[in-house]
Each structure stands twice: as structure tokens, then as C-alpha cells.
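K.L.:
Dropping a structure here in C-alpha cells format, bear with me for questions.
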Amino acid sequence: MQAVFFEGNRTFRVGESVAVEPEPGQVQIQVAFCGICGTDLHLFHGAMAHRLTLPHVMGHEMSGTITALGSGVTGWKAGDRVTVRPLDPCGQCPACAAGHSHICHNLKFIGIDTPGALQGNWTVPAHTLHRLPDSLALREGAMVEPVAVACHDVRMSDLKEGEFAAVIGGGPIGILVALVAQARGARVVMAEVNAFRLQLARDLGIDAINPLETDLPQLVNERTGGAGADVVFEVSGSQAGADTMTKLPRTRGRIVVVAIYGEAPKVDLFRFFWRELKLSGARVYEPEDFELAIELASAGRLPLTKLITDVLPLAGLEEAMHRMEGGGACMKILVSCTD
Ligand SMILES: NC(=O)c1ccc[n+]([C@@H]2O[C@H](COP(=O)([O-])OP(=O)(O)OC[C@H]3O[C@@H](n4cnc5c(N)ncnc54)[C@H](O)[C@@H]3O)[C@@H](O)[C@H]2O)c1
Ligand SMILES: [Zn+2]
Ligand SMILES: [Zn+2]
């Protein structure tokens, strides 16, 4: 089988890799598709280098079929179609003890701290598995992980039917937050600066604007009778997004920070006092977010195929990185991992 190895210094190499026999409690999966996300792009740019053992296999947004089981694994068999929730918590720390193992103090993110899915065969702990129903194609199955991020973000916001949400940033995560919020019965406006992504969002039925052309705070005021948004999601990771997020909520409105910032942004704390705002963060997902993501995806309630703009072979990973960093005409790029 083949794998694509990151060798540091913005370089990948496709080569042979040996399938890892599953140890007790592990399963081996034949990987069908693996999505590339912003985190992989950050790794490509040299971020989190201290966490990688080079050469490193990236990838954590995948779908596939079980090929082998280690001893002690129950409830699964060869041939089962699965996706992986790529978190390996320690089970010992205060966060784990409090039931928040997805934000474990010693969390291992599978695909960063350990080898990832951009290879023909991948061996992972069985506790990470989620079953994909037959009705869900494996291409869409590789989208479950980012959908679960969006499900977690919306759940953390406590967004209710009929409420008004503003989403800043229309990359794969922002668009999915908007779609999951709409599926929950919320009214949504989304801001995105990239013309291709703006148009794609509009084609998917999202009320999307370019904040460089339309005054977003003014628009939110108009749409809410001067009240402001019930919930604001900051999903752009930009200083401009952090500047705007405090201008949009109603009194006692909620801001959810999903984005990861290269540099700590400035935030206008005055607005928190003035409007009694609440700010929370949202990080990855919990098992119930994966289950909801699979349910929404397999019920056809999310237009996932339209978000997949490219499917490339393993050898196309470097090209995928260049396309993503160009901020051009792509949304979610998948890699086909098995010939
Ligand atoms: N909380 C988590 O666990 C988690 C999980 C996945 C991703 N993330 C983070 O969430 C963010 C979004 O992820 P993504 O994969 O969609 O990333 P992305 O970089 O593809 O999307 C960000 C989008 O924001 C847009 N943007 C930039 N400045 C803007 C502005 N001023 N106004 C409006 N839009 C603007 C960009 O054009 C881009 O489309 C990233 O910061 C990512 O690191 C967090
Ligand atoms: Zn990801
Ligand atoms: Zn822990």
C-alpha cells in the first residue's frame, strides 16, 4: 500500500508503507477517502512541528472499511464501513475526570501526534470508531468529521429554532456551521471574503455577504429589528472577524469562537460589559456530535457532495496544499487513498 509522507520543509513524498497489525483494542482500516483541512495546511507550513515525528503521515477526516481487528475488540467486524473520531484522551486528567475527554489536558490528536489516514491502511484504537450507514457514500463519509465540528459548535451555542445566527467566515467549517444552524431552524447570515466560496454558499441557500462590500453589523440590525444576533460564530480566524464579532450580538447574546488564531487577536471587551455578552470557545467534538453528523449526512439534509470541490490521488496532496493556501476556487479537497 502507499502513503504520503510529510518530510518537513513543505515537502511530501509518496512511498510504500507497511500496514500496521492491530494491537489489542485496535482496528485496521482500509482508507477510502481523506479530507484535507486547515490544520493539515498549518502542519505543511511548519506549525506544531514539535508534535510531529518526521516523516509524518497527516490526515484525520476519513472514511473506510475495517480490514482487521486486534484482540478484545467487540461490536465490529471486517467489512464494516466506518469513520474515526480522531481523539485519544488520557482518561486520567481533571478534564477527563470531569467528563470532558475531548479537551483532555494530554489529548493526543490522531493524525498529528500519531500517524494519520493519508495512506492505504490505517490502524487506530477501536474506541474512535463510528459506523457509517450503507446509505452514506464513502465520499460523504469523509465529511463527517468537519460536520461533527459544526454540530459541536452549534450545540455549544445553545442555538434554538427561530433564533438569528451570524457566521463570520465561510470556509468548510463556517459553511457547515451555517448549514447545521439552518437545519436546527435558525435564521442565518454568513460573511465570507473569498468570491468562489461566497458564491458556493449562496448556491447552497445560505444568505451570504462579502463584509468588504456590505456592512455586516448594519445588515444584522436590519434583519433583527435593531436587536442584534442571538448567536455569533467566529470561524474566520482573522483580526477583522474578531473585530466584527463583538459588534453583532443582541443584549445577552452569545459569541462562540471556533477559529484558531495564528496570533492572539485583539477583542473589544467593552461590548461584553455594555451588552452583557457571553463568550465561549468550542473545540473539536464529542461522540454525540459525530452521531448527529452521521444522521444529518445520511438523511441527505446537508449538501455535502457540493462542498467537495476536488478528489485527488495521494500524489496530489502537495498540489492540494498549494490550492488551499492560494485562497482560490476550492472548498473541501478529498484524497482518494486506495486505488
Ligand atoms: N474549534 C475547533 O476544534 C476547530 C476545528 C476545525 C477548524 N477550526 C478552525 O476554524 C477555522 C475555520 O476552519 P476552516 O477549515 O473553514 O478554515 P478556512 O481557513 O478554510 O476558512 C476560513 C474562511 O474565513 C474567510 N475569511 C477570512 N477573513 C475573513 C473576514 N474578515 N470576514 C469573513 N470571512 C473571512 C476565508 O476566506 C476563509 O474562507 C480555522 O481557524 C480553523 O483552524 C477549529
Ligand atoms: Zn480537520
Ligand atoms: Zn485526560
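The values are calculated or read from the model by the stated rules, or taken from the named source; none is laboratory data. The structure presented is a predicted model; accordingly, all values stated were derived computationally and were not measured. All Cβ positions, glycine included, derive from the backbone under ideal geometry; neighbour counts span all protein chains shown. For accessibility, only protein heavy atoms count, side chains too; no ligands or nucleic acids. Shrake-Rupley method; radii C 1.70, N 1.55, O 1.52, S 1.80 Å.
K.L.:
Could you give the length gained on full extension between ASP268 and PHE196, defined as 0.36 nm per residue of separation minus the Cα-Cα distance, in nm?
P.N.:
Between ASP268 and PHE196, full extension yields 22.9 nm more.
K.L.:
Convert each backbone phi in the stretch 117-131 into a coupling constant with the Karplus relation 6.51 cos²θ - 1.76 cosθ + 1.60 (shift: θ = phi - 60°), then list the ³J(HN,Hα) values in order as whole Hz, x for Gly and Pro.
P.N.:
Calculated HN-Hα couplings, in order: 9, 7, 7, x, 10, 9, 10, 9, x, 5, 5, 8, 7, 10, 7 Hz.
K.L.:
Need one number: nm distance between label points at THR251 and ALA97, each 7 Å from Cα along Cα→Cβ, rounded to one decimal.
P.N.:
Modelled inter-label distance: 4.2 nm.
K.L.:
Under the 0.36 nm per residue contour assumption, what length would be gained going from the current alpha-carbon distance of GLU16 and ARG223 to full extension?
P.N.:
Details: separation 207, 0.36 × 207 = 74.52 nm, distance 5.56 nm.
Between GLU16 and ARG223, full extension yields an extra 69.0 nm.
K.L.:
Helix-only mean residue ellipticity at 222 nm, the chain, DSSP H runs n ≥ 4 weighted -39,500 (n - 2.57), per residue, nearest 500. What is it?
P.N.:
Calculated mean residue ellipticity at 222 nm is -7500 deg cm²/dmol.
K.L.:
Under the classification rounded if a/c is under 1.5, otherwise prolate if a/b is larger than b/c and oblate if not, where does the stretch 234-305 fall, given a ≥ b ≥ c as square roots of the Cα gyration tensor eigenvalues?
P.N.:
Because a/c hits 1.5 or more and a/b exceeds b/c, the stretch 234-305 counts as prolate.
K.L.:
How far apart, in nanometres, would the label points at ALA49 and THR74 be if each is projected 7 angstrom from Cα along the Cα-to-Cβ direction?
P.N.:
The answer from the label model is 4.7 nm.
K.L.:
Spin-label point model (7 Å from Cα, Cβ direction): what's the ASP215 to ASP243 distance in nm?
P.N.:
Distance between the two pseudo-spin positions: 1.5 nm.
K.L.:
Could you tell me the distance between the Cα centroids of the stretch 294-339 and the stretch 170-189, to the nearest Å?
P.N.:
18
K.L.:
Between the stretch 1-60 and the stretch 145-168, what is the separation of their alpha carbon centroids in Å?
P.N.:
Cα centres, the stretch 1-60 to the stretch 145-168: 30 Å.
K.L.:
Which of the lysines could be linked to LYS108 by a straight reach, that is with a Cα gap under 30 Å, when you skip same-chain ones fewer than 8 residues away?
P.N.:
LYS77, LYS266, LYS278, LYS332
K.L.:
Also, I was wondering about something else. What ranking do 150-162, 111-123 get when scored by the average of other Cβ atoms within 10 Å per residue, highest first?
P.N.:
My ranking of the peptides, most packed first, is 111-123, 150-162.
K.L.:
Which whole-Hz couplings ³J(HN,Hα) result when phi for each residue of the stretch 192-203 is put into the Karplus expression 6.51 cos²θ - 1.76 cosθ + 1.60, θ = phi - 60°, listed in order with x for Gly and Pro?
P.N.:
Working through the residues one at a time gives 8, 8, 7, 4, 5, 5, 4, 5, 4, 4, 5, 4 Hz.
K.L.:
If you wrap the stretch 1-100's Cα atoms in a convex hull and average its projection over all directions, what's the area in nm²?
P.N.:
The directionally averaged projection comes out at 8.0 nm².
K.L.:
Long-range amide H contacts for ALA191: which residues qualify at under 5 Å (H placed 1.01 Å from N, peptide plane, sequence gap of 5 or more or a different chain)?
P.N.:
Amide H to amide H, under 5 Å and 5 or more residues apart or across chains, ALA191 pairs with VAL167, ILE168, GLY169, ILE209.
K.L.:
Quick one: how many Å² of ASP215 are accessible to a 1.4 Å probe, rounded to 10?
P.N.:
Roughly 80 Å² of ASP215 is accessible to a 1.4 Å probe.
K.L.:
Each residue of the stretch 302-312 in order: what ³J(HN,Hα) in whole Hz does its phi give by Karplus 6.51 cos²θ - 1.76 cosθ + 1.60, θ = phi - 60°, with x for Gly and Pro?
P.N.:
10, x, 5, 4, 6, 7, 7, 8, 8, 10, 10
K.L.:
What is the spread of the Cα atoms of the chain along each of their three principal axes, largest first, in whole Å?
P.N.:
Extents along the principal axes, in whole Å: 60, 42, 40.
K.L.:
Would you mind getting me the FRET efficiency between ASP310 and HIS42? Use the beta-carbon distance for r and R0 = 25 Å, nearest 0.05.
P.N.:
Efficiency for this residue pair is about 0.80.
K.L.:
Continuing with the same structure: Going by average Cβ neighbours within 10 Å, how do the peptides 38-45, 242-249 rank, with the highest at the top?
P.N.:
Per-residue mean Cβ counts within 10 Å order the peptides as 242-249, 38-45.
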